[in-house]
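Trainee: Take this structure first; my questions come after.
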Amino acid sequence: MESVENQTITCEWLRYDVLNYAMQQNFVPVVRKLTLVNHSSEDLHQVTVTIKPGTDFAAEWSKTLDVIPAGQSVEVGPVHLPVSGTFLAGLAERLLDRLTLQVEHGGKLLYQEESPVAILAYDQWGGLAAMPEMVAAFVMPNHPAVAKVIHEAGAYLEKWTGNRSFDAYQSKNPNRVRHQAAAIYSALRDYQITYCVAPASFEERGQRVRLADTLFGTRMGNCLDLSLFIASCLEAVGLNPLIIFTDGHAFPGVWLVQETFSEIIQDDITMLTKRLAAGIHEISIAEATLMCAGNQASYQDAESVALSYLANPDSFLGLVDVKRARASSIRPLPIRISTPEGWKIVEEDRPKPGSTEEPGEITILGRPAEVDAVAVSKQQMWERKLLDLTLRNTLLNFRLTKAAMPILYSRLGELEDALAEGREFNLLSRPLDWENTARSAELFHSISKDDPLNTLLQEEFANRRLRIDVGERELFDKATHLYRSARLSLEENGANTLYLALGLLRWYETTASEMPRYAPIILIPVDLVRKTSSSGYVLRARDEEPQINITLLEMLRQDFGISIGGLDPLPRDDKGIDINGIFTTIRHVVMHLPRWDIVESAYIGLFSFSRFVMWNDIRNRSADLAKNKVVASLISGKLEWDPGMTFPEADQLDELYAPDELLLPISADSSQMTAISAALQDKSFVLHGPPGTGKSQTITNLIAASLAHGKTVLFVAEKMAALNVVQKRLERYSLK
C-alpha cells in the first residue's frame with residue numbers, strides 16, 4: 001500500500017484477483033467494496049476516486065464524492081468497472097494486469113495503490129478459491145456436440161427401456177432418470193476420448209477447460225473436462241446436474257428427483273451422502289474418467305468408483321448445483337466461433353421481460369400470541385425424569401469408551417438378518433493384512449478403486465467371524481468388561497443391558513454447536529458367550545425383540561419438535577427388521593438439518609433400559625394408573641382418599657382373625673402381625689426396620705397371607721438378591 005500527503009485518506013478495497021469471461025457475463029464486480037477513511041480534522045469535499053486498468057481489458061472508472069466527513073468513512077460499492085467482453089472473449093492465454101486506485105482532492109493526489117489482477121482466458125475457470133460457482137458457466141447445454149451425443153444416447157435408452165425419449169422427470173421414477181444418465185454416459189464412452197492428465201490446480205489457481213469443440217477436436221480430456229460435458233448433456237435433456245470436487249479430482253452427479261440444494265455450493269458432505277444412501281437414492285454420481293480410451297466400464301461401475309471418493313470426508317472439497325446456479329442467473333458461456341476478424345460470440349436468445357399480468361392477492365397472517373411459559377404437568381415431569389434426556393445418557397450421547405466395541409462391517413441389514421436367523425459370530429481383532437506390511441493399501445485403492453479391506457471383511461462374515469476395530473489385547477479387555485458387566489446387571493437387576501447398536505444419528509444441540517453428538521438408533525439384545533477360556537467370545541442374539549431408541553425419539557420430539565411415527569414397533573422385512581426402511585424414515589425427517597446424518601456403523605455396548613417399562617406405562621396408561629388412589633394423589637398433589645391411619649393393637653388381632661384365616665408360614669411377633677393385618681385391610685403404610693429385624697420374613701408372611709385371601713401381589717425390589725431371598729422362603733414353606 002502506498003500513501004501520499006501524510007495519509008490524509010486511506011482506502012480499503014475488497015476485490016477479486018482473477019477475472020474471466022464467465023464472471024464478466026454474469027455481472028460479477030471486480031471490486032466488491034471500496035471504503036475511504038478521512039483521517040483529517042476537516043471535511044473533504046469533491047473527492048474524486050479513480051480505478052485505472054493497465055491494459056484494454058476494462059475502461060477507466062471514476063466517481064466524485066460530495067463529502068467525506070472528518071474522522072469518518074464512506075463506503076462505495078460494488079464498483080461497476082466497465083470490462084470489455086470482446087477483449088475477454090478473444091483472450092487465448094492468461095494475462096497478468098494491474099488495477100491502480102487513486103484518490104484526488106483539489107488537484108492533489110491523496111492516495112494511490114496498485115493491485116495485481118489475473119485476466120484468465122475465455123476457457124479458463126478461476127478455481128475453487130475464486131467464486132467456485134462460476135464452474136456452472138462452463139456447463140454449456142446448447143453446444144452442437146451436446147445434441148449429437150444425446151441423439152446417440154437415445155439408442156441405449158431405447159435398448160434398455162423400449163423408449164428413446166429423454167423425458168427428464170416426467171415419469172416421477174428415479175430409475176427412469178438414472179437410465180437417461182447412464183445412456184448419456186454410455187454414448188460418450190463410445191468416443192473413447194483419451195485421458196490427459198492435467199495438474200490438480202483448480203483448488204487454488206484455477207484450470208483450463210477443454211470446451212466441447214476442443215474436447216471432440218482433440219479427443220483428449222481430463223476429469224474436469226469430461227464432468228462438465230456430461231453435466232452439459234444432462235442439463236440439455238432437462239436433468240439437474242452436479243459437479244463434485246474432491247482432493248485433486250472432479251466428477252459429475254445428477255438429481256434422480258426434481259430437486260436442487262438450497263444453496264449453489266455445498267461443502268457439507270452429509271448433504272450429499274444422505275441422498276446417496278440406500279433407500280433414499282435421490283442423487284446418482286459417476287466417475288467420468290472410466291469412459292476414456294481403454295475402459296469399457298458400465299455406468300454402475302462408474303457409480304461405485306465415484307462413491308469410493310467419498311469414503312474419506314476430509315478429501316471432500318464441495319459440490320456445485322448447476323440447476324441452483326441457473327436460478328441465481330449464472331448462465332452458460334455462449335458459444336465462441338473463429339472468424340477472419342477474430343473470435344465471435346454467438347449469443348443466445350433470451351426471454352423478453354414485460355409481463356403486465358395483475359398480481360394476485362396475498363394473505364397476511366396475524367402474529368401468534370406470546371406466552372410466558374409452557375405448563376408442564378406432573379405426568380410430563382415423571383416421563384422426562386424416567387427417560388433422562390440429558391447428555392449423561394449414552395442413549396443420546398454415545399461415546400467410544402471401554403464399554404463399546406466398533407464392528408468392522410457396514411452391511412448392517414445382512415448382519416441383523418444373520419443374527420435373527422440364529423447365527424453366531426466369533427469376535428476377532430482388526431485384520432493386519434494391510435497394516436505394517438510392504439503392501440500399500442493406498443496404492444491398491446488408487447489402482448483398483450476399491451477398499452482393500454472390503455473383500456476380506458465379507459469373507460470373514462461368510463465364515464461367521466466379525467472383526468472389531470481394536471487390537472487383540474484391547475478386544476479381550478473390552479469383551480471381558482462387557483461380558484462381566486452384562487452378567488452382573490442381569491443378576492442384580494434382572495435386566496439385560498448388552499445391545500448391538502445398528503446405526504448412529506449424528507446430531508447437534510444447536511446450529512452453532514461444533515461438537516457432534518451420536519445416538520444409537522436400533523438396539524438388538526445380544527449375549528457374549530465365552531465357550532472356553534482360549535476360544536474368545538461369541539456374539540449371538542437374545543430371544544428378545546429388537547427395539548428403537550425410544551429415548552432418542554422422545555428427545556427429538558421434545559427438544560426439536562420432530563415427531564417420527566411408524567418405528568415403534570419396528571417395521572419388518574422378510575428376514576428381520578427393515579434396517580433400510582428405518583434409516584430412510586429418519587433421513588427424510590433430518591434431511592434439511594445441516595450436518596445431521598446417520599452413520600451406518602455397528603457397536604456392541606451397554607445401554608440401560610431399566611426405566612423404559614415405567615415410562616411406557618405412564619405415557620400410554622395414564623388414565624388407568626390414575627384410578628389408583630395413591631397415583632391419583634401424587635398427580636394432584638393432595639390426598640385423594642381417607643387413609644384411615646388406625647391400626648389394630650396386638651391383643652385385638654385374635655378378635656379380627658381366626659387361627660385358620662391368617663396364613664403365616666414363618667413365625668411373627670406382634671408388630672409384624674400388625675403390618676400384615678393392615679395390608680389385608682387395604683391400608684397404605686411404610687414399614688421401617690433396621691437390618692436384622694425381620695423385614696424379609698414379614699414380606700414373606702405378607703405375600704403368603706395376601707395370596708391366601710385371594711389378593712394379587714406385586715413385589716418390587718431394587719436388587720435381584722432381595723427377590724431371591726423371599727422366593728426361596730416361599731418355596732421352602734409353601735403348602736403342597
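Trainee: Only one of Q180, Q72, Q102 is of a type in the set (S, T, N, Q), more than 19 Å from V28 (Cβ to Cβ) and crowded, with 20+ Cβ neighbours inside 10 Å; which?
Mentor: Criteria check complete, one pass: Q180.
Trainee: Scanning segment 381-396 for residues that are loosely packed, with under 14 Cβ neighbours inside 10 Å and under 25 Å from the mean Cα position of the chain (by Cα), which turns out modelled with the lowest pLDDT?
Mentor: Only one residue tops the list, namely T390.
Trainee: Take the conditions within 44 Å of the chain's Cα centre (by Cα), under 22 Å from M131 (Cβ atoms) and modelled with pLDDT under 85 and apply them to V117. Does it pass?
Mentor: Considered against the rule, which asks whether it is within 44 Å of the chain's Cα centre (by Cα), under 22 Å from M131 (Cβ atoms) and modelled with pLDDT under 85, V117 comes out as no.
Trainee: Among the residues of segment 543-558, which ones are surrounded by 14 or more Cβ atoms within 10 Å (Cβ to Cβ) and in a loop (DSSP other than H, G, I, E, B)?
Mentor: Listed by number, the residues that qualify are P546, N549.
Trainee: Are there any pairs with C-beta distances below 6 angstrom linking a residue in segment 410-432 that is closer than 24 Å to D477 by Cα to a residue that is in a helix (DSSP H, G or I), with the two at least 6 apart or on different chains, and if so which?
Mentor: S429/E472; S429/L475; P431/L456
Trainee: Is it the case that segment 559-576 has a residue that's out of contact with any helix residue (DSSP H, G or I) (no Cβ under 7 Å at 6 or more places or on another chain), in a loop (DSSP other than H, G, I, E, B) and of a type in the set (V, I, T)?
Mentor: no
Trainee: When you scan segment 243-325 for strands (runs of 3 or more DSSP E) that lie fully inside it, which ones turn up with 1 or more residues that are buried (at least 18 other Cβ atoms within 10 Å of the Cβ) and of a type in the set (D, E, K, R)?
Mentor: By residue number, 316-321.
Trainee: Residue under question is A118, and the condition is that it be in a loop (DSSP other than H, G, I, E, B) and more than 19 Å from I335 (Cα to Cα); does it hold?
Mentor: Here the answer is no, as A118 does not meet what is asked.
Trainee: Would you pick out the residues in segment 477-498 that are of a type in the set (D, E, K, R) and over 13 Å from V526 (Cα atoms)?
Mentor: Listed by number, the residues that qualify are D477, K478, R484, E491, E492.
Trainee: Which members of segment 567-587 meet the condition of being more than 15 Å from P546 (Cβ to Cβ) and at pLDDT below 90?
Mentor: Of everything in segment 567-587, just one residue is more than 15 Å from P546 (Cβ to Cβ) and at pLDDT below 90, namely D574.
Residue-by-condition table, conditions (1) farther than 30 Å from G637 by Cα; (2) modelled with pLDDT of 55 or more; (3) of a type outside the set (D, E, K, R):
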position: Y299; (1), (2), (3): yes, yes, yes
position: G318; (1), (2), (3): yes, yes, yes
position: D321; (1), (2), (3): yes, yes, no
position: A325; (1), (2), (3): yes, yes, yes
position: P332; (1), (2), (3): yes, yes, yes
position: V346; (1), (2), (3): yes, yes, yes
position: P353; (1), (2), (3): yes, no, yes
position: I362; (1), (2), (3): yes, no, yes
position: Q379; (1), (2), (3): no, yes, yes
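Matching residues to (1) closer than 19 Å to G126 by Cα; (2) among the acidic types (D, E):
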residue: A231; (1), (2): yes, no
residue: I244; (1), (2): yes, no
residue: D247; (1), (2): yes, yes
residue: A250; (1), (2): yes, no
residue: G253; (1), (2): no, no
residue: L256; (1), (2): no, no
residue: T260; (1), (2): no, no
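Condition check ((1) loosely packed, with under 15 Cβ neighbours inside 10 Å; (2) charged (D, E, K, R)) across all residues:
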| site | (1), (2) |
| --- | --- |
| A129 | yes, no |
| M140 | no, no |
| A147 | yes, no |
| Y156 | no, no |
| K159 | yes, yes |
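Trainee: Same structure again: Residues in segment 412-442 that are modelled with pLDDT under 90, in a loop (DSSP other than H, G, I, E, B) and of a type outside the set (F, W, Y): how many?
Mentor: 11
Trainee: Pairs, please: C-beta under 7 Å, at least 6 apart or cross-chain, first residue surrounded by 14 or more Cβ atoms within 10 Å (Cβ to Cβ) and in segment 720-735, second at pLDDT below 80?
Mentor: Taking only residues 6 or more apart or on different chains, the pairs are M720/E492; M720/N493; M720/G494.
Trainee: Mind counting the residues in segment 210-264 that are modelled with pLDDT of 95 or more, over 19 Å from V305 (Cα atoms) and among the small types (G, A, S)?
Mentor: 3
Trainee: Filter segment 524-542 for residues that are assigned to a strand (DSSP E or B) and in contact with an Asp or Glu (Cβ under 9 Å, 6 or more places away or on another chain) and give the result.
Mentor: Passing the criteria: I524, P525, V529, V538, L539, R540, A541.
Trainee: Go through segment 704-720 and count every residue that is assigned to a helix (DSSP H, G or I) and either among the charged types (D, E, K, R) or not assigned by TED's automatic domain parsing to the domain that holds I676 (or both).
Mentor: Counting residues in segment 704-720 that are assigned to a helix (DSSP H, G or I) and either among the charged types (D, E, K, R) or not assigned by TED's automatic domain parsing to the domain that holds I676 (or both) gives 0.
Trainee: Scan segment 492-534 for residues that are of a type in the set (G, A, S) and either in contact (Cβ under 8 Å) with a residue 60 or more places away in the chain or outside the structural domain of L412 (by TED's automatic domain parsing) (or both) and report the count.
Mentor: Qualifying residue count, segment 492-534: 5.
Trainee: What pairs come out if I take residues in segment 76-90 that are in the same structural domain as G54 (by TED's automatic domain parsing) and pair them with residues that are surrounded by 15 or more Cβ atoms within 10 Å (Cβ to Cβ) and polar (S, T, N, Q) whose C-beta lies under 6 Å away, six or more apart or interchain?
Mentor: Filtered contacts from segment 76-90: V83/Q24; G85/Q24; L88/Q24.
Trainee: Now for a different question. Among the listed residues T64, T100, which satisfies the condition of being of a type in the set (S, T, Y) and either touching a Gly at 6+ places or on another chain (Cβ under 7 Å) or in contact (Cβ under 8 Å) with a residue 24 or more places away in the chain (or both)?
Mentor: Just a single option satisfies the conditions, and that option is T100.
Trainee: Another question, then. Being hydrophobic (A, V, I, L, M, F, W, C) and out of contact with any helix residue (DSSP H, G or I) (no Cβ under 8 Å at 6 or more places or on another chain) narrows it down to one of A182, A121, A136, A147, so name that one.
Mentor: The unique qualifying residue is A121.
Every residue, every condition in (1) assigned by TED's automatic domain parsing to the domain that holds R336; (2) part of a loop (DSSP other than H, G, I, E, B); (3) over 45 Å from the mean Cα position of the chain (by Cα); (4) at pLDDT 85 or above, yes or no:
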position: N6; (1), (2), (3), (4): no, no, yes, no
position: S40; (1), (2), (3), (4): no, yes, yes, yes
position: D56; (1), (2), (3), (4): no, yes, yes, no
position: K63; (1), (2), (3), (4): no, no, yes, yes
position: V103; (1), (2), (3), (4): no, no, yes, yes
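The values are calculated or read from the model by the stated rules, or taken from the named source; none is laboratory data. Please read all numbers here as calculations on a predicted model, not as lab measurements. Note: ideal-geometry Cβ built from the backbone for every residue, glycine included; neighbour counts use all protein chains shown.
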